[in-house]
1. Residues Asp245, Asp269: which one is of a type in the set (D, E, K, R), at pLDDT 95 or above and surrounded by fewer than 11 Cβ atoms within 10 Å (Cβ to Cβ)?
2. Residues in region 101-120 that are outside any strand (DSSP E or B) and open to solvent by 60 Å² or more (accessible area, probe 1.4 Å): how many?
3. Of the residues in region 272-296, how many are buried (at least 18 other Cβ atoms within 10 Å of the Cβ) and aromatic (Phe, Trp, Tyr)?
4. Which of the residues belonging to region 25-42 are more than 15 Å from the chain's Cα centre (by Cα) and under 22 Å from Gly135 (Cβ atoms)?
5. From the list Tyr193, Tyr187, exactly one residue is of a type in the set (Phe, Trp, Tyr) and farther than 21 Å from Arg41 by Cα. Which is it?
6. Can you name the residue in region 239-265 that is of a type in the set (D, E, K, R) and in contact (Cβ under 8 Å) with a residue 24 or more places away in the chain and is also farthest from Ser209 (Cα to Cα) among such residues?
7. Among the numbered conditions (1) open to solvent by less than 70 Å² (accessible area, probe 1.4 Å); (2) closer than 26 Å to Pro75 by Cβ; (3) modelled with pLDDT of 95 or more, tell me where Ser254 comes up short.
Amino acid sequence: MARRVESLVFLIICCAGLWPQAVRAQAAPDLIVGDIPAVVRLGHSGDITVYGVASTACNVGDAPADWHNATSQHPVTVQNLYRLKDGRFEQIGQSWAVHNIFALQESLCSECAASGTFELLGVGCSTPNTAGFNGFQMILGPRSQINAATGQFPYPFSAPPPTPISGRRLQVHDAELLPALNAGAEYFTEVQYVAADDAGAGHGANNASYRRVTVSQGRAGILLIDVADLTQQRKPAIRAWADQDSAVQLTPVSLPGDGQFWVASKATDLGGGLWHYEYAIQNLSSDRSAGSLNVG
């Protein structure tokens, strides 16, 4: 974060995704998040509440998608949470990557041409993950082991045993959610699928979807998250800021041979020649990532 009297810069770096290394002309899968149907509280540890975000993947491509659970040829799923408060959009929670283990053959997004096996998601087919499944600690692996540009990763993944209750799951500090501390805040959850066959086909830019959620405080002060509105398919979470505020400018930035960032900005005239600037940058799919932001 860099500050001046007349400006303020905020940086978001998040969520491993993917981007094509080579675009194939032949038939290929194309994975999207068709729905984010629920968010479930999975526990509490210290000042952190943990959640699982349910998701449904759809194959909108023209070839079956790999779902081989005993190899690296399967998608991984990441879950994120964001807050828009006082004109600032920021990431407040994330999970490790779910290693998907079987593909059902349902028809959320279109007519399903079932593959006949749990190891391939058929053309037009969808497969749901419950919030509990996406919060199952033993199938959550490190994001750092996934190449965000190619969707490739070693399997089995390596990681120390998860911390009881909170380890590897979507974690959020209570202070970021408490209604008494966040008056007027809006919240959004995001799910993204990452897969090598999808990336190799050049279909990595549409793998994330977001949905607005609400936060409430239940009995004994527990913090609950419920879905609202509709899932915004093929839109990364940073699009939520612009969808809520027409003054926000969005720009995609693609890196040759690597991936894509989204840059969002808003300039507010304070009068007297002073301006207030807000920036948010989402790393959708760059394996190189980013470590700093310069504004000049």
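1. Working: Asp245 fails: surrounded by fewer than 11 Cβ atoms within 10 Å (Cβ to Cβ).
None of the other options fit; the residue is Asp269.
2. Initial filter on region 101-120 (outside any strand (DSSP E or B)): 101-105, 107-112, 114-119.
When the remaining residues are screened for being open to solvent by 60 Å² or more (accessible area, probe 1.4 Å), the result is 102, 107-108, 111, 114, 116, 118-119.
Number satisfying all stated conditions: 8.
3. Restricting attention to region 272-296, the residues satisfying the condition of being buried (at least 18 other Cβ atoms within 10 Å of the Cβ) are 278-287.
So of that shortlist, the ones also aromatic (Phe, Trp, Tyr) come out as 279.
Within region 272-296, residues that are buried (at least 18 other Cβ atoms within 10 Å of the Cβ) and aromatic (Phe, Trp, Tyr) number 1.
4. At the first step, the residues of region 25-42 found to be more than 15 Å from the chain's Cα centre (by Cα) are 25-30, 40-42.
Result: Val40, Arg41, Leu42.
5. Numbers: Tyr187 fails: farther than 21 Å from Arg41 by Cα.
That would be Tyr193, the only listed residue that is of a type in the set (Phe, Trp, Tyr) and farther than 21 Å from Arg41 by Cα.
6. Filtering region 239-265 down to residues of a type in the set (D, E, K, R) leaves 239, 243, 245, 258.
In the following step, the residues that additionally are in contact (Cβ under 8 Å) with a residue 24 or more places away in the chain were identified as 239, 245, 258.
Details: Arg239: 9, Asp245: 18, Asp258: 21 Å.
Checking each candidate, the answer is Asp258.
7. Checking Ser254 against (1) open to solvent by less than 70 Å² (accessible area, probe 1.4 Å); (2) closer than 26 Å to Pro75 by Cβ; (3) modelled with pLDDT of 95 or more, the one that fails is (3).
Yes/no matrix, rows are residues, columns are (1) out of contact with any His (no Cβ under 7 Å at 6 or more places or on another chain); (2) at pLDDT 95 or above; (3) part of a strand (DSSP E or B); (4) open to solvent by 50 Å² or more (accessible area, probe 1.4 Å):
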site	(1), (2), (3), (4)
Pro37	yes, yes, no, yes
His44	yes, yes, yes, yes
Cys58	yes, yes, yes, no
Asp62	yes, yes, no, yes
Ala70	yes, no, no, yes
Gln73	yes, yes, no, yes
Val78	yes, yes, yes, no
Leu84	yes, yes, yes, no
Gln91	yes, yes, yes, no
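The values are calculated or read from the model by the stated rules, or taken from the named source; none is laboratory data. If you're wondering where the values come from, they're calculated on a predicted model, not measured in any experiment. Here Cβ is always computed from backbone atoms with ideal geometry, including for glycine, and neighbour counts include all displayed protein chains. Accessible surface areas use protein heavy atoms only, side chains included; no ligands, DNA or RNA. Shrake-Rupley method; radii C 1.70, N 1.55, O 1.52, S 1.80 Å.
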